Structures are given as structure tokens and as C-alpha cells.
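This report concerns only the one structure given below.
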Amino acid sequence: MKASHVIYKVDDLYQAVEEFKGKGFEVEYGTKKKPYNAIIYFSDGPYLELLASSGMPRFMKGIQHILRNEGRTGTNYQGIMRRSHTDPVYRKRNQGSGI
């Protein structure tokens, strides 16, 4: 089995492109308008794809992080979220808090 390319995740695509160009690589953006990736081709073998952040809103990344780490912390956040709307004690305690 051969790999077609290697994905290299970067936080700032433009900065990463400049750094690779500074090291002598020829870098080509995937698209001209609002690029999210850039490609570095080699004469032989797989190419390197510089891939920027997915663009997921920070709020959603936070929720994803909490849910992903749920099993490690022992806290059941999904249960808390479900219970908050149906638990009368929770509702009474948080009445008027805007929750």
C-alpha cells in the first residue's frame, strides 16, 4: 500500500506557506479564493498538504472537547444537559437565572 499524500495541520495557513517557501519549497494554494489548504509537490512519491483549521466556531470546538473528554473525567456531561430541562430541583434552583 502506498500513501498518496501526508496531511500537516496548521493553525495559520498563510504563515505556514511563508515558512515552507522560506525553506526553499514551492507551495501552491488549493484554491485562490479563501484557501483552506496548500500543496507541496515532490518529484516523486506522496505530496504534503498543509491543512488549516476546519473553521468550526470556537464555541462548538469547546463543546466537542468537553464531550470527547467525558469518559476521561468521569463526568457525564450529556446526562447533565439532559437532566437540566427535566429535573424540577435543577429548574427551581436556576429559576430566573436565564438558564
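Computed from the coordinates by the stated procedures, all read-outs in this text should not be read as laboratory data. Just so it is clear, the model here is predicted, and its values are computed rather than measured. In this analysis, Cβ positions are derived from the backbone assuming ideal geometry, glycine residues included, and neighbour counts consider all displayed protein chains.
Around the amide H of V10, modelled in the peptide plane, lie the amide H atoms of L51, A52, S53, all under 5 Å away and 5 or more residues distant in sequence or on another chain. Between R58 and T31, take the C-beta separation as r, use R0 = 25 Å, and let me know the FRET efficiency to the nearest 0.05. Between R58 and T31 the formula returns 0.60.
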